[in-house]
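K.L.:
What follows is a single structure, and I will ask about it in a moment.
The values are calculated or read from the model by the stated rules, or taken from the named source; none is laboratory data. Given the structure is predicted, the values throughout are model-derived calculations rather than measurements. Using ideal geometry, Cβ is built from the backbone for each residue, glycine included, and neighbour counts are taken over all protein chains shown. Accessible surface areas use protein heavy atoms only, side chains included; no ligands, DNA or RNA. Shrake-Rupley method; radii C 1.70, N 1.55, O 1.52, S 1.80 Å.
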Number of protein chains: 4
Amino acid sequence: MMIIMKANATPQQVEAVIERVKSAGLNVHLSQGVEATIIGAIGETHNIPTDLFEGLEGVETVQRITQPYKLASRQFHPEDSVLPLNGFTVGGDEIVVIAGPCSVESRSQIIETAIAVKEAGAAALRGGVFKPRTSPYSFQGLGEEGLEHLAEARAQTGLPIVAEIMSQVQVELMVKYVDVLQIGARNMQNFNLLRAIGETRTSVLLKRGLSATIEELLMSAEYILAGGNQQVMLCERGIRTFETSTRNTTDINAIPVLKNLTHLPVILDPSHSTGHADYVAAVARAAIAAGADGLIIEVHPDPAHALSDGKQSLKPEKFAAMVKQIGQIAQIMGRRLATVQGEYAPLKQGWA
Amino acid sequence: MMIIMKANATPQQVEAVIERVKSAGLNVHLSQGVEATIIGAIGETHNIPTDLFEGLEGVETVQRITQPYKLASRQFHPEDSVLPLNGFTVGGDEIVVIAGPCSVESRSQIIETAIAVKEAGAAALRGGVFKPRTSPYSFQGLGEEGLEHLAEARAQTGLPIVAEIMSQVQVELMVKYVDVLQIGARNMQNFNLLRAIGETRTSVLLKRGLSATIEELLMSAEYILAGGNQQVMLCERGIRTFETSTRNTTDINAIPVLKNLTHLPVILDPSHSTGHADYVAAVARAAIAAGADGLIIEVHPDPAHALSDGKQSLKPEKFAAMVKQIGQIAQIMGRRLATVQGEYAPLKQGWA
Amino acid sequence: MMIIMKANATPQQVEAVIERVKSAGLNVHLSQGVEATIIGAIGETHNIPTDLFEGLEGVETVQRITQPYKLASRQFHPEDSVLPLNGFTVGGDEIVVIAGPCSVESRSQIIETAIAVKEAGAAALRGGVFKPRTSPYSFQGLGEEGLEHLAEARAQTGLPIVAEIMSQVQVELMVKYVDVLQIGARNMQNFNLLRAIGETRTSVLLKRGLSATIEELLMSAEYILAGGNQQVMLCERGIRTFETSTRNTTDINAIPVLKNLTHLPVILDPSHSTGHADYVAAVARAAIAAGADGLIIEVHPDPAHALSDGKQSLKPEKFAAMVKQIGQIAQIMGRRLATVQGEYAPLKQGWA
Amino acid sequence: MMIIMKANATPQQVEAVIERVKSAGLNVHLSQGVEATIIGAIGETHNIPTDLFEGLEGVETVQRITQPYKLASRQFHPEDSVLPLNGFTVGGDEIVVIAGPCSVESRSQIIETAIAVKEAGAAALRGGVFKPRTSPYSFQGLGEEGLEHLAEARAQTGLPIVAEIMSQVQVELMVKYVDVLQIGARNMQNFNLLRAIGETRTSVLLKRGLSATIEELLMSAEYILAGGNQQVMLCERGIRTFETSTRNTTDINAIPVLKNLTHLPVILDPSHSTGHADYVAAVARAAIAAGADGLIIEVHPDPAHALSDGKQSLKPEKFAAMVKQIGQIAQIMGRRLATVQGEYAPLKQGWA
């Protein structure tokens, strides 16, 4: 960490900063140049907040040299993390396609969808039962009833389940049912939820917040990893920008940047990142070509009658066509589509 | 609500949309123009999500005419909401200045600060005890111990307490201690938390999310109001943009826009919206000149040794100078500074 | 165009709007609903600005139904525009890769680069001679001398030349030398320049502005098309967002959105949209998988000594590896790489 | 300037960077820490682009310590620049209010407006004659005829004229007529225009681009100052963000930030920064309270019939009420409204 002093900082101010650095358990490397005095703070700095120094008098700015996260960092963990998930893996040679409706609406809807997406090539089933809705007047999900429908769909198809958790009070219920706990964009910095999930041993799909930087996404992953839960996948789902022709802006750069900075698998959600069924396939192909490890896609047997997100949901036949293209691009990238074979065999998950 | 059909929509598709509108309990006004067929959906539409129609075939786009919120809307409630708070009010003629440290760090720190900010003209005391920190390795707040210190500072000064709540599991504890529950920017769309707080009768300071639109802020207020809690103040605290010379961008436009759209009081937080002590006073003056009902300001007796946000915290003497200017601008706006007189007399708050 | 009146608009205000619509040569379709009165303005509206009505009393908002551009619109021109360029085409089955240095620095540098990129599979040569630099103290380009070097590189390789034009006063000079006039992001709304180029018959590569919407990009294309120049290619080069880990954010969504809205070819510039050589290949592959018609890539024989943009320039060998992958993805998309064969044979271009 | 090397940079790479620094005429200060090797480049660095070093192998990132501009910097020029303008000054004790229509539409319109805004307290007259319009089909301004009307309005009222220049080819014409050359947001990085204006001695109002950082605004000012034209005022006019309830987002933080970084006067344009007449007065008051040196406001005698920007134009009577409030806030800030007295007496301006 480098602490850059103001041009007119006094020797007393420099001294005060140096003492602060030492009291934080760091070593000092002083560099008194013509332009500015720079105080290097050397040691384990990832767990030292910059605002420990920013408020000191005479300090112009504080600049990190190393990253503020460690467990999520590729520097600390150079090999790709390869997470097992019901007979296949995420983050290795296989490309995982997760698919299903925005919301679980009924037993028949989710079972019908599960069968269709499996046939089309999906390896996991998504479906929301607690829905974060902007309006208090919108459909908020089926709750536990929805989880039971999901479990039944899983029993019939072998597809592991991905479902969103919205609060720390839902952890106990959710880990009983789901294979992957999804943390939604609006909860990426719900630190109480992150800590609670860090204490479980259930896999996690952590979505990037609407206006979260890539570094902040990795800091949120660090919360979960620091709790001892190593089964974390990251998910780019579009960021909020000035552009209004799509629901969000897919940050495709985030794919190679994340693959460079972290060992965790990276998934893309083109349904939310575009918000429009017509654009999903193009962006899904782009993601795999850019090096993503998988996709999460909204599929609904009858989008016109979906209770939520109908506009961005694919019909099963369109989804099947898309998966075929994804498979071809995967091959060019030296990878192959993950598939579920045989019956569902749960991982040893749940609580630590 | 207007449903605009694609240029090539078939009569069958138009018919299907019309039936959907009717089944949602709305009336239909069909307008078949040369450019496009437009289906007006008339009635109580604020609680109808647009995605009920967006997924239907042949639909180009859906446009609201009226707002998606009702209880928060000035149209529904034309008079300003004036909230009582320990002998003064928020949202009426008085300008309330809330001040205090980012975090409660110790008994002496918070009591010393409370005395100083009261003397300088503050009418309420802020102080965090549960801190939403980007890093799992940063100071996370004193918890209940901090609440006890806050209560003692209140007993000594009469200043009501504003403190942030981070999770629905903290509601019971927090309503025992605080006068105003602050919902932080990162939790503006933590819908479980909003619902839980809607069920209390404790005042709320709802902060705008880093990338939340003004409409989304009002939708989050609607969650709380819909629960029966009418004591909601809104807080602009800066939004995330491309500009990096300040921590956030103060959306000063939001002040007159909110005063136009809603009856709820509007507070500005220049400490977070600028992120730099040198810029706080200028933006605080701007807020009052723009019509804000109050300010929330970070003040620390020794910013250089603050455990968090030292860079943006004012020393008490700078704060006092600022409050004096605020008082002068308030006068031009036909208003005056709120002050606490006599002992603390709690409102009947807590659970409904 | 729909003009939505305020809830409390008077009949006189409605009448005034209706007269204004008629005086603009449009027909009126009045829809007096319970929620709001909506005045449809019907006819040729693409050339009517919405602010003709927005300032009228009683008007809440004005909403376009049809697009504000016509010549650039796919609705008006359903077939893809396929532009000829020295023996190959842009916008049809061929994928065009344009490559070369940020700036032409010397005769040997540009000739060496031209030979290398042609060998690697590029079909056109880029090189800046007038450089838009943020600082007045930075290298501003070689000017006409650079154009002569470019022409010599073209003579040796057959590669057509793409170079940026910065001002209307450079038009005469530029059309003498270059095959494609590049309009940079900072000049996307330099309307005098757009008009001047619209009067030439030289091909154009129009880059999207840093914070331009897709609609604004198409409106700028409309300026050129309206002048009679039909040879326009669009270029996504990244937009400015809050994310700082890359120079810009590649709006990959823009590829399918543009292919949907317009018949013009779409090129992606991953060098500027990422700003980092390490990320260029991933985003280039993504672009072709998303349906782009080509790429423009910065290649420099010795990036470490480039006078500008060295950080984001590829070495020829890395570029060659990338083009190979692009060719494989092109094949999956049913396309093939454009190549230059034989000598350079200029199109009949220049002035109209 | 600090060049931070990658953790695994080789001694050869460090050596190569050091040689590059020296060859740029800078001195080297090497700091080999445990975390990283940092190479300080010391000397006159404002005119050295960071990309001179960013492309070198082994370089992680390059960080400026001092600003990339000099003439615009307060460090270089600590005293406020106070620019004379027809009997009053900008940047000193006086607050200047510039007002007038978006476009000059006719002789009577501009004269009527000039008389009205002068009476209300304006000290200068604005009016566009070359209009940068998003659509090629919109009204593009009266050109020289408009300048003649402006000159006549000036002769009648004594108000100096502010008008936008769009291209370097208009310089000769514009300096004959106007007192202040306005550079619009879309041309803030039209470097050819900036250079051409730098060669004149006419005052300049330089508007911040829609997505330009504050540093970029100052770099554009540096272009003009470097040409020898010292009469530069800066103008915040709103930036583009995700918020859609206003046309732009007023970056009120920019006022104190600019006053801190530069000696140049700072003006705010609340008409464009809000886009809505109802919000102009609130944001205008905020600007003066935040420390701005003046305002530029769109006023039209009949906004409903304005050819452009009617929605955001104030009627003269609303403008007069606003100026009164501005005068009161100016007083609190220790300042007063500038006024024009007697006849128009032009400065010695025009070409150098």
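K.L.:
Enumerate the amide H contacts of D:Leu30 below 5 Å, restricted to partners 5 or more residues apart or on another chain; note that Pro and chain-start residues carry no placed amide H.
P.N.:
D:Gly40
K.L.:
Please give me the summed charge of the neighbours of A:Ala290: other residues whose Cβ is under 12 Å from its Cβ, Lys and Arg +1, Asp and Glu -1.
P.N.:
Taking every other residue near A:Ala290 into account, the sum is 0.
K.L.:
Quick one: Cα centre-to-centre distance for the range C:70-100 and the range B:46-71, in angstrom?
P.N.:
37
K.L.:
Can you give me the relative contact order of the range D:57-181 as a percent, contacts being Cα pairs under 8 Å and 6 or more apart?
P.N.:
Contact order relative to length: 20 percent.
K.L.:
Would you mind getting me the FRET efficiency between C:Lys176 and D:Lys22? Use the beta-carbon distance for r and R0 = 41 Å, nearest 0.05.
P.N.:
E between C:Lys176 and D:Lys22, to the nearest 0.05, is 0.50.
K.L.:
Let me ask another. Who wins for biggest fluctuation among B:Met174, B:Met322, B:Met333 in a Gaussian network model of chain B, springs between alpha carbons below 10 Å?
P.N.:
Residue with maximal mean-square fluctuation among B:Met174, B:Met322, B:Met333: B:Met333.
K.L.:
Show me, bin by bin at 20 Å from 0, the whole-percent P(r) of chain D based on Cα pairs.
P.N.:
Taking all Cα pairs of chain D, the binned fractions are 30, 50, 18, 3 percent.
K.L.:
Obtain the radius of gyration and the Kirkwood radius of the range B:1-113 from its C-alpha atoms and give Rg over Rh.
P.N.:
With Rh from the inverse mean 1/r over Cα pairs, Rg/Rh is 1.34.
K.L.:
For the protein assembly as shown, what is Rg from Cα atoms divided by 2.2 N^0.38 Å, rounded to two decimals?
P.N.:
With N residues counted in the protein assembly as shown, Rg over 2.2 N^0.38 Å equals 0.89.
K.L.:
Another question, then. Of D:Asp179, D:Asp293, D:Asp251, which is the most mobile in a GNM of chain D whose springs link Cα atoms less than 10 angstrom apart?
P.N.:
For chain D, modelled as a Gaussian network with Cα springs under 10 Å, the answer is D:Asp251.
K.L.:
If I model a spin label as a point 7 Å beyond the Cα along the Cα-Cβ vector, how far apart are those points for B:Gln75 and D:Thr244 in nm?
P.N.:
Each label point lies 7 Å from its Cα, and together they span 1.7 nm.
K.L.:
Using a probe radius of 1.4 Å on heavy atoms only, what accessible surface per residue do you get for the range C:1-67? Whole Å² is fine.
P.N.:
Result: 44 Å² of accessible area for each residue.
K.L.:
Report, as an integer, the average count of C-beta atoms from other chains found within 10 Å of each Cβ along B:47-57.
P.N.:
Whole-number average of other-chain Cβ neighbours for B:47-57 is 6.
K.L.:
Can you tally the net charge around D:Glu19? Count Lys and Arg as +1, Asp and Glu as -1, for every other residue whose Cβ sits under 15 Å from the Cβ of D:Glu19.
P.N.:
Residues near D:Glu19 contribute -1 overall.
K.L.:
Taking chain C as a Gaussian network, Cα atoms linked when under 10 Å apart, which of C:Ser135, C:Ser108, C:Ser211 shows the biggest mean-square fluctuation?
P.N.:
Result for chain C, Cα springs under 10 Å: C:Ser135 fluctuates most.
K.L.:
Where a Cα-Cα gap under 17 Å defines reach, which lysines qualify for D:Lys259, not counting those fewer than 8 residues away within the same chain?
P.N.:
Those lysines meeting the cut-off are D:Lys70, D:Lys207.
K.L.:
How far is D:Lys176 from the same spot in each other copy, in nm, shortest first, if each label point sits 7 Å from Cα toward Cβ?
P.N.:
2.9, 8.2, 8.6
K.L.:
Moving to a separate point now. If each residue of separation counts as 0.36 nm, what is the full-extension length gain between D:Glu343 and D:Thr10 once their alpha-carbon separation is subtracted?
P.N.:
Full extension of this stretch gives 112.8 nm more.
K.L.:
If you don't mind, there's one more thing I want to ask. Going by amide H atoms built from the backbone, whose H comes under 5 Å of the H on D:Leu181, apart from near neighbours?
P.N.:
D:Ser203, D:Val204, D:Leu205
K.L.:
With the contact rule set at Cα under 8 Å and sequence spacing of 6 or more, what percent relative contact order holds for chain B?
P.N.:
Relative contact order, chain B: 18 percent.
K.L.:
On to the next question. What's the average, rounded to a whole number, of partner chain beta-carbon atoms within 10 Å of each residue's beta-carbon in D:90-101?
P.N.:
Rounded to a whole number, the mean comes out at 0.
K.L.:
For the range B:203-256 and the range C:204-227, what is the separation of their C-alpha centers, rounded to whole Å?
P.N.:
The range B:203-256 and the range C:204-227 have Cα centres separated by 34 Å.
K.L.:
Follow-up. Taking the Cβ of A:Val129 as the centre, find all other residues whose Cβ is under 12 Å away and add up their charges (Lys, Arg: +1; Asp, Glu: -1).
P.N.:
Result for the local shell: -3.
K.L.:
Pull up all non-local amide H partners of C:Gln231: gap of 5 or more, or a different chain, and H-to-H distance under 5 Å with H placed in the peptide plane.
P.N.:
HN-HN under 5 Å from C:Gln231: empty list.
K.L.:
Counting only DSSP beta bridges with both residues in chain C, what percent are antiparallel, rounded to the nearest 5?
P.N.:
Expressed as a percentage, antiparallel bridges in chain C total about 40.
K.L.:
Moving on. What distance in nm separates the two pseudo spin-label positions at D:Gln63 and D:Ala155, each 7 Å out from Cα along the beta-carbon direction?
P.N.:
So the label points at D:Gln63 and D:Ala155 sit 6.1 nm apart.
K.L.:
Quote the FRET efficiency, to the nearest 0.05, computed for D:Ile332 versus B:Lys315 with a Förster distance R0 of 22 Å and r equal to the Cβ-Cβ distance.
P.N.:
Efficiency computed from Cβ-Cβ geometry: 0.45.
K.L.:
For C:Pro11, go 7 angstrom from Cα along the Cα-to-Cβ vector, then report the distances to that same point in the other copies in nm, smallest first.
P.N.:
3.6, 8.7, 9.4
K.L.:
Taking the axis that carries chain D onto chain C, what is the nearest Cβ in chain D, and at how many Å, to the whole number?
P.N.:
Taking Cβ atoms only, the nearest residue and its distance are D:Ser211, 2.
K.L.:
Here's something else I'd like to know. Expressed as a rounded percentage, what relative contact order does the range B:15-111 have, with Cα pairs under 8 Å and six or more residues apart?
P.N.:
Relative contact order of the range B:15-111: 14 percent.
K.L.:
Next question, about the same structure. Can you give the calculated 222 nm mean residue ellipticity of chain C, where each DSSP H run of n ≥ 4 adds -39,500 (n - 2.57) and the sum is split over every residue, rounded to the nearest 500 deg cm²/dmol?
P.N.:
-10000 deg cm²/dmol, from helical runs alone.
K.L.:
Keeping every protein chain in place, order B:Glu94, A:Glu44, C:Glu119 by accessible area at 1.4 Å, biggest value first, i.e. largest first.
P.N.:
Greatest to least solvent exposure: C:Glu119, A:Glu44, B:Glu94.
K.L.:
Rounded to the nearest 5, what % of DSSP beta bridges with both residues in the range A:25-158 are antiparallel?
P.N.:
Antiparallel bridges make up about 75 percent of those DSSP assigns within the range A:25-158.
K.L.:
Mind listing the label-point distances from C:Thr61 to the same position on all other copies, shortest first, one decimal in nm, points 7 Å along Cα→Cβ?
P.N.:
1.0, 3.8, 3.8
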